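The values are calculated or read from the model by the stated rules, or taken from the named source; none is laboratory data. What you see is a predicted model, and the numbers here were worked out from it, not measured in a lab. Here the Cβ is made from the backbone with ideal geometry for all residues, glycine too, and neighbour counts use every protein chain on show. For accessibility, only protein heavy atoms count, side chains too; no ligands or nucleic acids. Shrake-Rupley method; radii C 1.70, N 1.55, O 1.52, S 1.80 Å.
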Amino acid sequence: MSTVNGVNKHKDRSALIPFSSRLKDGRALAQDVWSIFNALNLPPDCLNLGQGYMNFAPPKWVTESAEEALHTIAANHYSHPRGRLRLRQAIKDHYGPQFNRDLDIEKEILVTSGANEGMYSAWLAFLELGDEVILFEPFFDQYLASITFNGGKPVYVPLHPPSHDKQFSTSNEWTIDFDELRAAITPRTKMIIVNTPHNPVGKVFTREELEGIAALAEEFNLLIMSDEVYDCMVYDNKEHVRIATLPGMWDRTITVGSAGKSFSATGWRVGWLIGPQSLITPSLAASTRIVFCSNSPLQEAVAGGLEKAKNYNFFETQLKEYQDRRDVLIDTFKKLGIKYTHPEGSYFILIDISDIDIPDGYPFPESVLGRGLDFKACWFIAMEIGVSSIPVSEFYCEEHTHIGEVFARFAFCKDIDTLKAASERLQGLKKLFKKRE
Ligand code: GLN
């Protein structure tokens with residue numbers, strides 16, 4: 001045996017140290033959809049309607065606040081783990097009226113390093129090993145691994161898609177069966193995750209739906225995690241209802257917000273949790289251990305953004321711009337005769353790809369083979385016409401891949417010229433779909 005310093009040179013040393021078993025669940029180690037459909041893997045001239053981030057900058061008056069902050073001393077150092085005072089005050093002023101509450105900045109607001117870290121902190125703070133967390137399927141994929149990392153067990157309740165025979169349906173036609181929701185609740189259920197406006201469906205949960213969820217939460221003493229990061233993107237004069245504002249729900253709801261979505265700054269990683277002290281204080285304890293505090297200069301910038309938004313009529317103008325962006329894609333799919341879901345919120349539109357006609361032997365990369373039809377369809381569409389999208393089966397558990405794999409998600413958080421250019425390329429979809437007689 002050839003050994004050097006007691007080390008056998010021929011032994012496989014590539015996996016000497018076993019990783020935590022927590023990573024075995026929740027697809028935590030699998031290559032995720034964001035890295036497979038990353039711009040780096042696609043042709044350089046591909047128009048990216050895949051991962052949901054903007055191809056434009058935050059407003060200038062917001063980035064100016066960031067620059068100003070970088071030139072101060074304090075904002076280059078640690079912040080309070082709850083978040084910078086100025087930002088918590090700005091969140092209070094902006095969101096307080098929406099919650100009909102005089103929010104307490106010392107107890108009811110926690111600034112986090114993006115919405116993701118905020119949710120992770122809350123799961124870490126509240127889940128016991130084996131606690132069940134109800135997710136409406138499809139669900140934003142990050143939830144899954146973050147729940148299982150923290151010992152939780154995901155339980156799936158479907159949003160029922162509209163009939164596949166329909167040429168056009170609205171996101172509101174993705175429905176909850178309340179008997180199914182009730183049946184999913186067990187003595188181990190701890191929490192229901194609500195995501196409105198919804199990624200990837202674009203559904204804006206109605207007041208009645210939220211009242212139905214609230215009644216069950218009250219009956220079974222459940223915590224509600226309400227991911228409302230797309231709260232600025234609600235179209236067609238629909239009402240964005242915050243479940244925390246329904247009777248009794250404040251005490252059991254954590255509402256999640258995101259500066260990345262509100263100010264086109266997804267890389268800044270500034271988000272927040274709003275809720276009662278009993279839910280925010282344990283989340284703060286978790287967040288303090290994960291990041292200690294969120295990055296300081298960009299907290300100042302977001303504070304400036306919220307403070308000045310009114311002067312610029314910012315949120316109203318931005319909403320109109322998003323609605324125009326959405327309508328470019330809606331119009332495109334409608335004219336092409338491709339089945340789609342009309343989104344009432346968020347910045348995603350789903351199309352039905354079940355009629356895609358992929359030639360035998362088409363060269364797919366390893367990462368796409370063995371996945372649902374949608375992975376192949378999105379790859380094929382990106383390669384053939386140069387527009388990327390996201391396969392929706394990633395937002396389903398493995399057993400339900402067959403439900404999700406007939407959809408592709410296109411993001412419209414892109415400038416109007418890019419969307420128009422994408423619309424032209426999408427004309428090429430006609431020849432990629434089987435003719436229906
Ligand atoms: N929320 C964005 C989307 O759904 C980005 C998600 C991510 O990259 N983790 O596209």
Discussion item. Show the residue pairs meeting these rules: Cβ distance below 8 Å; 6+ apart or different chains; first residue within segment 1-25 and touching a residue at least 12 places away in the same chain (Cβ under 8 Å) and outside the structural domain of Leu129 (by TED's automatic domain parsing); second residue part of a loop (DSSP other than H, G, I, E, B) and open to solvent by less than 100 Å² (accessible area, probe 1.4 Å).
Written reply: Arg22/Ala28; Arg22/Gly151
Worksheet, complete the sentence: If we keep only residues of segment 266-297 that are within 16 Å of the ligand (Cβ to nearest atom) and open to solvent by 50 Å² or more (accessible area, probe 1.4 Å), then the residue nearest to Arg242 (Cα to Cα) is Arg269
Fill in: Residue within segment 297-308 that is without any contact (Cβ under 8 Å) to a residue 12 or more places away in the chain and over 20 Å from Ser146 (Cβ atoms) present
no
Discussion item. So, Ala377, is that one among the small types (Gly, Ala, Ser) and free of Cβ contacts under 8 Å to residues at least 40 places away in the same chain or not?
Written reply: yes
Worksheet entry | Residue match in segment 88-95 (condition: within 23 Å of Gly404 (Cα to Cα), at pLDDT 95 or above and crowded, with 17+ Cβ neighbours inside 10 Å) | no
Worksheet item: In segment 42-60, is there at least one residue being away from the ligand (no atom under 16 Å from the Cβ), among the charged types (D, E, K, R), within 19 Å of Met225 (Cβ to Cβ) and open to solvent by 30 Å² or more (accessible area, probe 1.4 Å)?
Response: no
Worksheet item: Do you know which residues across segment 233-257 are open to solvent by 10 Å² or more (accessible area, probe 1.4 Å) and either within 19 Å of Lys320 (Cα to Cα) or among the β-branched types (Val, Ile, Thr) (or both)?
Response: Val234, Asp236, Asn237, Lys238, Glu239, His240, Thr245
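Condition check ((1) part of a loop (DSSP other than H, G, I, E, B); (2) open to solvent by 10 Å² or more (accessible area, probe 1.4 Å); (3) within 16 Å of the ligand (Cβ to nearest atom); (4) not small (Gly, Ala, Ser)) across all residues:
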site: Asn172; (1), (2), (3), (4): no, yes, no, yes
site: Asp179; (1), (2), (3), (4): no, yes, no, yes
site: Arg182; (1), (2), (3), (4): no, yes, no, yes
site: Thr186; (1), (2), (3), (4): yes, yes, no, yes
site: Val201; (1), (2), (3), (4): yes, no, yes, yes
site: Phe205; (1), (2), (3), (4): yes, no, no, yes
site: Gly212; (1), (2), (3), (4): no, yes, no, no
site: Glu218; (1), (2), (3), (4): no, yes, no, yes
site: Ile224; (1), (2), (3), (4): no, no, no, yes
Discussion item. Here is a list: Val387, Val392. Which entry is touching a Pro at 6+ places or on another chain (Cβ under 7 Å), open to solvent by less than 10 Å² (accessible area, probe 1.4 Å), among the β-branched types (Val, Ile, Thr) and modelled with pLDDT of 95 or more?
Written reply: Val392
Worksheet item: What's the number of the condition Asp102 fails, among (1) closer than 18 Å to Pro276 by Cβ; (2) under 24 Å from the mean Cα position of the chain (by Cα)?
Response: (2)
Practice prompt. May I ask you to list the residues in segment 28-41 that are exposed (fewer than 15 other Cβ atoms within 10 Å of the Cβ), in a loop (DSSP other than H, G, I, E, B) and either within 9 Å of the ligand (Cβ to nearest atom) or touching a residue at least 40 places away in the same chain (Cβ under 8 Å) (or both)?
Written response: Gln31
Worksheet, complete the sentence: For segment 188-199 the number of residues that are within 12 Å of the ligand (Cβ to nearest atom) and either not in a loop (DSSP other than H, G, I, E, B) or not assigned by TED's automatic domain parsing to the domain that holds Ala122 (or both) is 1
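To keep it simple, each residue is scored yes or no on (1) under 16 Å from the mean Cα position of the chain (by Cα); (2) among the hydrophobic types (A, V, I, L, M, F, W, C).
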site	(1), (2)
Leu135	yes, yes
Gln142	yes, no
Gln167	no, no
Trp174	no, yes
Glu180	no, no
Thr186	no, no
Thr189	no, no
Leu216	no, yes
Leu222	no, yes
Worksheet, complete the sentence: Condition set open to solvent by 40 Å² or more (accessible area, probe 1.4 Å) and closer than 17 Å to Leu40 by Cα, scope segment 366-384, selection modelled with the lowest pLDDT: answer is Glu366
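Conditions (1) open to solvent by 50 Å² or more (accessible area, probe 1.4 Å); (2) of a type outside the set (Ser, Thr, Tyr), marked per residue:
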site	(1), (2)
Glu64	yes, yes
Glu68	yes, yes
His71	yes, yes
Ser79	no, no
Asn100	yes, yes
Leu135	no, yes
Pro138	no, yes
